[in-house]
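Undergrad: Starting off with a structure, shown below.
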Amino acid sequence: MTAPRTPRPATPSKKPAAGVPKTVWDLVFTLIIPILILSPNILGSGISIAENVFGGGTAGNIRAYLLAALIPVVYVLVDLFVNRNVSPVALIGGAGAIFSGALAFWYVDGFWYAIKDSARSYLTGLLFLISAATSVPLFRVFLDAASIGEKPEDRAATQQAMRDPQIHRALALGTVAFAVVDLIGGVVNSVVNYGRVTARFGTDAFNAQIAEVNAIMRVPALAISLVGVGLALWLVQSAVRRRYGDGASLFEPAKLAERMRERGELTA
């Protein structure tokens, strides 16, 4: 039985500090700033980072290209360390950022640039496919992270449910579905890059074409990713409802725990 809590004097509720939403910062540092750096004529001003900051020519364009590629990487890693987020999801994101940063130094154009620009999607898809055959499919890691803030007893119910053989099969299948869609997204991105980034590496045109493709592909890439997540979630949630009844959901641990208690299956 839980001991009664000692009443505390009422204090003014603290509102979240007003500021720019994180999604806006993400957009600024991973899309807008890189596009501006790559542009040979920023917003029609006649200013070019490659020309006016790095001296122009091949060397200037390469430096601008590296800066544009590394700023999103630094942003992700700084955010990771500042927030001291060591969750598996954050660590996967950090590892992906490091991988992307390393690829920035692979100076290629044409077909190999199209492959390089989608390499992160290809690697992610491959890792998810491999994990689907293990005891911990990677999609489970994301679902597990979503329940971190829940009450211990409700989180325990979620953990027990995900260990159930029927739910585990759905998690593995959802992981495969997410991986396949991510790989398809990588192929689409490669095709668009191959068709549009045709200039030689180190030229003004090459940087401008990369900026154009980045702007074009941002929304479609996000949409494809959401399709993968949505399909995986549907597969898992369908299995949860079949196993524990209508109303059971991994995203509502309290209700899930209640269903499991009703069935006499909650052991945690």
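Undergrad: Checking the structure you have, find out if any residue of region 23-39 is out of contact with any strand residue (DSSP E or B) (no Cβ under 8 Å at 6 or more places or on another chain), in a loop (DSSP other than H, G, I, E, B) and either under 22 Å from E212 (Cα atoms) or modelled with pLDDT under 85 (or both).
TA: Taking every residue of region 23-39 in turn, at least one turns out to be out of contact with any strand residue (DSSP E or B) (no Cβ under 8 Å at 6 or more places or on another chain), in a loop (DSSP other than H, G, I, E, B) and either under 22 Å from E212 (Cα atoms) or modelled with pLDDT under 85 (or both).
Undergrad: Oh, and also: Can you tell me which residue in region 113-135 is nearest to Y194 (Cα to Cα), limited to those that are without any contact (Cβ under 8 Å) to a residue 40 or more places away in the chain and among the polar types (S, T, N, Q)?
TA: The selected residue is T134.
Undergrad: In this structure, is D109 among the charged types (D, E, K, R), open to solvent by 30 Å² or more (accessible area, probe 1.4 Å) and either over 19 Å from I33 (Cβ atoms) or in contact with a Gly (Cβ under 8 Å, 6 or more places away or on another chain) (or both)?
TA: Yes: the conditions hold for D109.
Undergrad: Which number in (1) within 28 Å of T23 (Cα to Cα); (2) touching a residue at least 40 places away in the same chain (Cβ under 8 Å); (3) open to solvent by less than 30 Å² (accessible area, probe 1.4 Å) marks the one condition that S249 misses?
TA: Evaluating S249 over (1) within 28 Å of T23 (Cα to Cα); (2) touching a residue at least 40 places away in the same chain (Cβ under 8 Å); (3) open to solvent by less than 30 Å² (accessible area, probe 1.4 Å) leaves (2) as the failure.
Undergrad: Right, another one. Which residue out of L266, L233 is modelled with pLDDT under 90, over 21 Å from A119 (Cβ atoms) and open to solvent by less than 80 Å² (accessible area, probe 1.4 Å)?
TA: L266
Undergrad: Also, I was wondering about something else. Scan region 190-230 residue by residue and report those that are more than 18 Å from I37 (Cα to Cα), open to solvent by 30 Å² or more (accessible area, probe 1.4 Å) and under 19 Å from the mean Cα position of the chain (by Cα).
TA: Answer for region 190-230, where residues must be more than 18 Å from I37 (Cα to Cα), open to solvent by 30 Å² or more (accessible area, probe 1.4 Å) and under 19 Å from the mean Cα position of the chain (by Cα): V219, P220, A221, L222, A223, I224, S225, L226, V227, V229, G230.
Undergrad: Look at region 21-57 and say how many of its residues are at negative phi and of a type in the set (G, A, S).
TA: Qualifying residue count for the region: 4.
Undergrad: Test V188 against the stated conditions and say whether it is in contact with a helix residue (DSSP H, G or I) (Cβ under 8 Å, 6 or more places away or on another chain), among the aliphatic types (A, V, I, L, M) and assigned to a loop (DSSP other than H, G, I, E, B).
TA: no
Undergrad: Another question, then. Determine whether A119 is at pLDDT 90 or above, open to solvent by less than 70 Å² (accessible area, probe 1.4 Å), in contact with a Phe, Trp or Tyr (Cβ under 8 Å, 6 or more places away or on another chain) and closer than 20 Å to A179 by Cβ.
TA: Criteria met by A119.
Undergrad: Still on this structure, I have one more. For region 50-79, name all the residues that are open to solvent by less than 30 Å² (accessible area, probe 1.4 Å) and farther than 20 Å from N214 by Cβ.
TA: The answer is G56, and nothing else.
Undergrad: Take the residues of region 138-189 that are modelled with pLDDT of 85 or more and among the aromatic types (F, W, Y): which is most open to solvent (accessible area, probe 1.4 Å)?
TA: Among those that are modelled with pLDDT of 85 or more and among the aromatic types (F, W, Y), it is F178.
Undergrad: Could I ask something else about it? Could you go through region 255-262 and let me know if any residue there is at pLDDT 95 or above, among the hydrophobic types (A, V, I, L, M, F, W, C) and out of contact with any Lys or Arg (no Cβ under 7 Å at 6 or more places or on another chain).
TA: no
Undergrad: I would also like to ask the following. From the residues in region 64-99 that are out of contact with any helix residue (DSSP H, G or I) (no Cβ under 6 Å at 6 or more places or on another chain) and more than 21 Å from A119 (Cα to Cα), which one is modelled with the highest pLDDT?
TA: For region 64-99, the residue satisfying everything is V78.
Undergrad: Right, another one. Cβ-Cβ below 8 Å, separation at least six or inter-chain, first residue in region 150-172 and polar (S, T, N, Q), second open to solvent by 60 Å² or more (accessible area, probe 1.4 Å) and assigned to a helix (DSSP H, G or I): which pairs?
TA: Close Cβ pairs satisfying both conditions: Q166/R242.
The values are calculated or read from the model by the stated rules, or taken from the named source; none is laboratory data. Just so you know, these numbers come straight off a predicted model, no measurement behind them. Cβ coordinates were reconstructed from backbone atoms using ideal geometry, including for glycine residues, and neighbour counts include every protein chain displayed. Areas reflect the complete protein model, heavy atoms only, side chains present, ligands, DNA and RNA absent. Shrake-Rupley method; radii C 1.70, N 1.55, O 1.52, S 1.80 Å.
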